[in-house]
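Some notes on the structure that comes next.
FYI, it's all coordinate maths here, none of it is from the lab. Computed from a predicted model, the values in this text were never measured in an experiment. Ideal geometry is used to build each Cβ from the backbone, glycine not excepted, and the neighbour counts take in all protein chains shown.
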Amino acid sequence: MGWIEKWTLRFAVVALIFLAMTGFEGVLMRTHMAAPEALAGFEQALNAVRIADHEPTPAELLYGMMTVHPIVGVYGFAYMSVMGAFYFLVPYLLKKEIRHKKLVPLNFWLQTGGVLLCWLSGFFGLFNSLYTLYWPLPVSFDRVPLVGTIPFTVGAAVIMVNILLFSFNTFSTVLSKSNPQSYSFWQFLRAAFGISRLMKWLGKEDKNAPNLDYNGLPVFVVAVARGSIDTVINAIVLLTAGALILVYGLAALLGHPLNPMAVDALVYKNWFWWGLDMVADGNVLIYTAGVWYLLIPLLVGRRLFGESVVRTVIMVDLLVSLGVWSHHLLGDQVQPLWMRLLSGQIITWGEFFTMGLTIFASLMTIWKARPVKITTPLLFILGSIFGFIIGGGAGLIQANVGLNLILHNTQWVIMTHAHTLLLTGLSMLLFAVIYALVPMLTGREIRSRALTLAHFWFWTVGSVLMTYVMGMAGSQGMLRRMLYPQPNPYQVYLNVAWVGGILMTIGFLAFLVNLVATLGWESVLGLVIERKHPVPVAAG
Amino acid sequence: MDRQERIWLGVLVAVFALVNVITLSPLVPWQQWILWDRPTPQQQVRVEFGDYQIRLPSGGIQVKAGEFVEFVATSQDVTYGLGVFRKDGRMVFQMQVVPGHENRIVWRFDQPGAYDIRSTEYSGPRHPEMFVPDAIQVTP
């Protein structure tokens, strides 16, 4: 097995460890909400090693965990998977090496370290401002402990800088294929925002300029490079928000607290969501689309349906992702109405078109390739398309000036929309990539078809059950981020959702057992721990 | 563009137009006064948030069913949410309460009865305590 293949598997193994961590937190939170007393002994044991000037309340523990749960899930599991997969696939498809090879191990360690530091700040340091970081809560040190805030912002900064390095490496590798000459920063930027493609459309093509839509680039690579623009914007915006919080934290630490009201909470919220949405509505969708465009034709043995439309969709989606952030501010009556209508609702519906056309192209490719053998990766891709249809549809229902008044901050938003997208949509896609890549990287076929089917059905049924039933609770008024006193009016929903979480756990365990059975314990450990005499993975 | 793609794009455009026209129209009851009529409210109610407390006007909030009431909510520290709920827990409406701003929303209650207020935005670990039962009395 080659150098990059080994690093790809390392990224995958650590990504799955992070998925196990975030899943474990998810089960703990589900259990806490369904049966608050069930975890008392566990909490007491953890409190013995926590840094706090008082015995933490169950609410502090829950919100600390809730804060880092998405960081571990998104920046640990999803980003690590993406980094590993793209570092293998991009050079493989371009038939050239990664431009800056030294960045690969650096990306691995920085991402792992940054995520772990954030996790420690929440799980043990009780940083509890939640991932939304609404100003001025993260700097309200009577509510959010300073001892958690500073390491959290440092960890987040490490992650964001690392993502910038990864994006730079990916983007420069892609562009160096379309135009091997050296290029300036402005040429780089013109290519990133599709200006070169636009000029080509207008008949004024500059053949010397690097062009993201260079005809020789596979659609997947164009999507990866395009998605990295969102990734960069997201990282820069979150870096600025983190730096602001860090400045306030250090000032408080030095005994010179700053006035939180010096920063306008609404302006901050707009800036924050504009950047954060580059992930939620930018790179997640376009990276996902890119992987569908790559794997589906490979798996069904047919050229991608409607490739020219697909290339246009990839570029148009950048404009959409730049303009949709106000759908997070539909509950803010101080946000100008025209922005809520235009950005929050109408432009957000742009995703209905970009994802609608993407899903259509993907399904038509499969349909026209009939008869098709439903291999394991294809099965999981179909599951991910299902997840994006359900989760995306739920998102469009709430991205509505009228309906958001009764859906904002309910369980509908976080479960039927966000968790369906993440668990049924994105996670299934990443599983598909792992199932497809493991034989390519190691030469070994996945060991047990029965375990892959168990993984698929337990995960699908569990995730849909959990998110759907909590969405039902949301439509009955159950808020997200809320601990209801006993007797909890939503107890039945919580119990069923807990069962859904356990089904997912069983599915995930089936996946892990299958993966270890395929690779062997020695090989898996050898990826993480350097040995003098490494065990070859590709012995199959 | 392929014929099948054009047909599908037409379907997407039709769904987009249908859903947005319906949900922006008075078929969603509160869109009538929030987007279209913009009536002058008969009553204004100020609600103050701060230090995990929801402070209502002295004497509580009494409104008449069918009349327009404007809620003006302010926060002295962090972001909260003004959420109004029926006694069975279902939400009537909510808005974010952003500090440094006057957050306003006009509402018309159709059903007489008692309504609860709960903060709908996380404001720190004591956020779940921010609940005022029977905060609003709507009379016929």
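Can you give the average number of partner chain beta-carbon atoms within 10 Å of each beta-carbon in peptide B:18-24, as a whole number? Display every interim value, and only then the final one.
Details: counts 0, 5, 8, 0, 1, 6, 6.
Neighbouring Cβ atoms belonging to other protein chains average 4 per residue here.
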Any chance you could check the Cα centroid distance between the range A:425-450 and the range A:191-261 for me, in angstrom? 31
Starting from the 7 Å offset along Cα-to-Cβ, what nm value, one decimal, do you get for the label separation of A:Ile17 and A:Ser448? 2.4
With loop defined by DSSP as not H, G, I, E or B, and exposure as at most 15 other Cβ atoms within 10 Å, which is the longest segment of chain A clear of exposed GluC sites (Glu not before Pro)? A:206-444
Between helix B:3-24 and chain B: long-axis angle, C-alpha atoms, 0 to 90°, nearest 10: 30
Taking beta carbons within 10 Å but only from partner chains, what does the mean come to for residues B:98-108? 5
What percentage of all Cα-Cα pairs in the range A:117-207 are separated by more than 15 Å? 69
Can you count the Lys pairs in chain A whose Cα atoms are under 27 Å apart, with each pair 8 or more apart or on different chains? 19
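Mind ordering A:487-493, A:391-397, A:124-130 by average Cβ neighbours within 10 Å, highest first? Numbers along the way, then the final one.
Numbers: A:487-493: 15.7, A:391-397: 20.1, A:124-130: 24.9.
In descending order of packing, they fall as A:124-130, A:391-397, A:487-493.
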Taking neighbour counts of Cβ atoms within 10 Å as a proxy for exposure, in what order, fewest first, do B:Asp2, A:Asp332, A:Asp281 appear? B:Asp2, A:Asp332, A:Asp281
Scan around A:Leu258 for amide H atoms under 5 Å from its own, H built in the peptide plane at 1.01 Å from N, and keep only partners 5 or more places away or cross-chain. A:Ala252
Provide the packing ranking of B:15-21, A:266-272, i.e. peptides ordered by the mean count of other C-beta atoms within 10 Å per residue, highest first. A:266-272, B:15-21
The Cα radius of gyration of the range A:186-327, divided by 2.2 N^0.38 Å with N its residue count, comes to 1.35
Evaluate the distance, in nm, between pseudo-label points positioned 7 Å from the Cα of A:Trp201 and of A:Leu525 along their respective Cα→Cβ axes. 5.6
Hey, could you get me the Stokes-Einstein D for the protein assembly as shown, Kirkwood radius over alpha-carbon pairs, 25 °C and 0.890 mPa s, rounded to whole µm² s⁻¹? 93
So what's Rg/Rh here for the range A:238-397, counting alpha carbon atoms and using the Kirkwood radius for Rh? 1.13
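Which shape class applies to the range B:8-82: rounded if a/c is under 1.5, otherwise prolate when a/b exceeds b/c and oblate if not, where a ≥ b ≥ c are the square roots of the Cα gyration tensor eigenvalues? Spell out each step's value before the answer.
On the way: a/c = 4.33, a/b = 1.91, b/c = 2.26.
It comes out oblate by the Cα gyration axes.
Apply the membrane-span-like helix rule to chain A: whole DSSP H runs, Cα extent along the own long axis of at least 30 Å, mean Kyte-Doolittle hydropathy at least -0.5. List the helices found. Walk me through the numbers on the way to the answer.
Numbers: long enough: A:3-34 (46 Å, 0.95); A:146-178 (48 Å, 1.43); A:219-253 (50 Å, 1.98); A:376-398 (33 Å, 1.69); A:449-475 (38 Å, 0.93); A:491-519 (42 Å, 1.74).
The qualifying helices are A:3-34, A:146-178, A:219-253, A:376-398, A:449-475, A:491-519.
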Please state the relative contact order of chain A as a whole percent: Cα pairs under 8 Å, 6+ residues apart? 13
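Test of understanding: express the Cα radius of gyration of the range A:229-299 as a ratio to 2.2 N^0.38 Å, with N the residue count. Present the calculation step by step, with values, prior to reporting the outcome.
Working: Rg = 18.0 Å, N = 71, 2.2 N^0.38 = 11.1 Å.
Its radius of gyration relative to the 2.2 N^0.38 Å reference: 1.62.
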Distance in nm between pseudo-label sites at B:Val11 and A:Ala251 (7 Å out along the Cβ direction from Cα): 5.5
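Where in the range A:90-131 are there trypsin sites (Lys or Arg not before Pro) that are in a DSSP coil and have at most 11 other Cβ atoms within 10 angstrom of their Cβ? Kindly include the intermediate steps, with their values, before the conclusion.
Numbers: sites: A:Lys95, A:Lys96, A:Arg99, A:Lys101, A:Lys102; in loops: A:Lys95, A:Lys96, A:Arg99, A:Lys101, A:Lys102.
Passing both the DSSP loop test and the Cβ count: A:Lys95, A:Lys102.
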Only loop residues by DSSP count here, and only those with at most 12 other Cβ atoms within 10 Å; note down the trypsin sites (Lys or Arg not before Pro) in the range A:303-349 that meet that. A:Arg303
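Tell me which GluC sites (Glu not before Pro) from the range B:63-140 have a DSSP coil assignment and no more than 15 other beta carbons within 10 Å of their own. Don't skip to the answer; put the middle values down first.
Working: sites: B:Glu67, B:Glu70, B:Glu102, B:Glu121, B:Glu129; in loops: B:Glu67, B:Glu102, B:Glu121.
Those that pass, being in a loop and sparsely packed, are B:Glu67, B:Glu102.
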Anchor B:Lys64: aspartates and glutamates whose Cα lies under 13 Å away (excluding residues fewer than 8 positions away in-chain): B:Asp110
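As a footprinting exposure proxy, order A:Ser176, A:Ser308 by other Cβ within 10 Å, with the fewest listed first.
Details: A:Ser176 16, A:Ser308 11.
So the residues, fewest neighbours to most, are A:Ser308, A:Ser176.
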Would you mind ranking A:Arg50, A:Arg143, B:Arg3 so that the residue whose beta carbon has the fewest other beta carbons within 10 Å leads the list? B:Arg3, A:Arg50, A:Arg143
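Taking each pair of distinct Cα atoms in the range B:38-105 once, what is the resulting Kirkwood hydrodynamic radius in Å?
Numbers: mean 1/r = 0.0779 Å⁻¹.
Roughly 12.8 Å, rounded to one decimal.
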Quick one: what do you get for chain B if you divide its Cα Rg by 2.2 N^0.38 Å? 1.33
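If R₀ is 22 angstrom, what is the calculated FRET efficiency for the pair A:Leu512 and A:Ile374, using the beta carbon separation as r and rounding to 0.05? Intermediate results must be reported in sequence, preceding the final value.
Numbers: r = 23 Å, r/R0 = 1.03.
According to the calculation, E is roughly 0.45.
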